[in-house]
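Below is one structure; the comments refer to it alone.
No value in this document is a laboratory result; all are computed from the given coordinates. These figures come from a predicted structure and were not determined experimentally. Note: ideal-geometry Cβ built from the backbone for every residue, glycine included; neighbour counts use all protein chains shown.
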Amino acid sequence: SLMAKYDIEMTVEADEDFDPIGVAPGQNRNLAEEMKQWFRGKSNCDERDLNGNINAIKRLEIQINELDEKIEVLEFAKGFPSLYEKKTGGAGYQTELADVESGEKKTSSADREGYKVIWGTIPTHMKSGFKRTLARVSRFNAVPYFSGDEIRLLDKGGSNELISKVPFYVVTVGKYISSAFTERLAQYMNIVTVEVPSSKLRVSEALEKYRKDRSDMMLVLKTSKAALRKTLRKFASSETKEGQTFCPIKLWQSALRQEKAILDATLKIRWQRNFVEMAGWVPSDDVGTLIQIVNSELSGRSNVSVRS
């Protein structure tokens, strides 16, 4: 899939009879590790370089995605009033909770009063469920507003695939509701929250910084992808130290097919404690060849019986 993604052609044909391992197949072998060691010892291919490039690109793509998320939310926030948090005693004011036994207040009014705006992104298909859940959780003290523009961002819910998301903000009454939102609802609804500065000037400064950081990361990503392409070309066409040209990817696929065929054959064999019994059919003209191959592979420690 990487070869196709980066348009790397594999022009060298694999030798189906070429076995670089030198270990008896199917006998508790670690084929992947054997192939890695052979690549390192016989050619200039090292899967550690490949894995390093792939991991670096993944990290950069995740970081760039996070910046894109912040940029989109800040752009959405530019149209909002400058002050995002305000003290109020209006509708939705949260009364203080009292300890029944001691009569002492658990939470001060400063921690309960006012409203706060929470910003973030949510998968587009979760919008309706988000509205319903938020209404139940907040007892209608939190109101969500969504941007009209959808964006394609990575899904942080586990798939890491590009999905449609939409920026939003939620006006929450009381800091208690704000805390409950960020700690519970955000995780449950696969929401990514974004910190938004309290003034338009600071929003503009943050946008400028994020865009610069994104530009720098894009240059690093471009360099990393060029390094990955160079490494992939080695796996598409390489040479052994003896000068033999081969395609490591196709060689690996060939080795897997051979190993699978051997393992499939062993499933049809009767295994005893000290011997193996095999039965099958062979063309009459090839009986002599079969006996010769078996005796050669097993150093004469075999008994081939052929029924006429």
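Just a few scattered comments:
- For the set Lys116/Lys225; Lys156/Lys200; Lys131/Lys156; Lys5/Lys268; Lys70/Lys225, the pairs lying more than 31 angstrom apart at their alpha carbons are Lys116/Lys225; Lys5/Lys268.
- If R0 is 51 Å, the Cβ-Cβ spacing of Phe140 and Tyr6 corresponds to a FRET efficiency of close to 0.50.
- Other residues within the sphere of radius under 12 Å centred on the Cβ of Asn51, judged by their own Cβ, net out at 0 (K and R +1, D and E -1).
- Here the extension length gained between Arg229 and Glu34 equals 67.8 nm, from 0.36 nm per residue of separation less the Cα-Cα distance.
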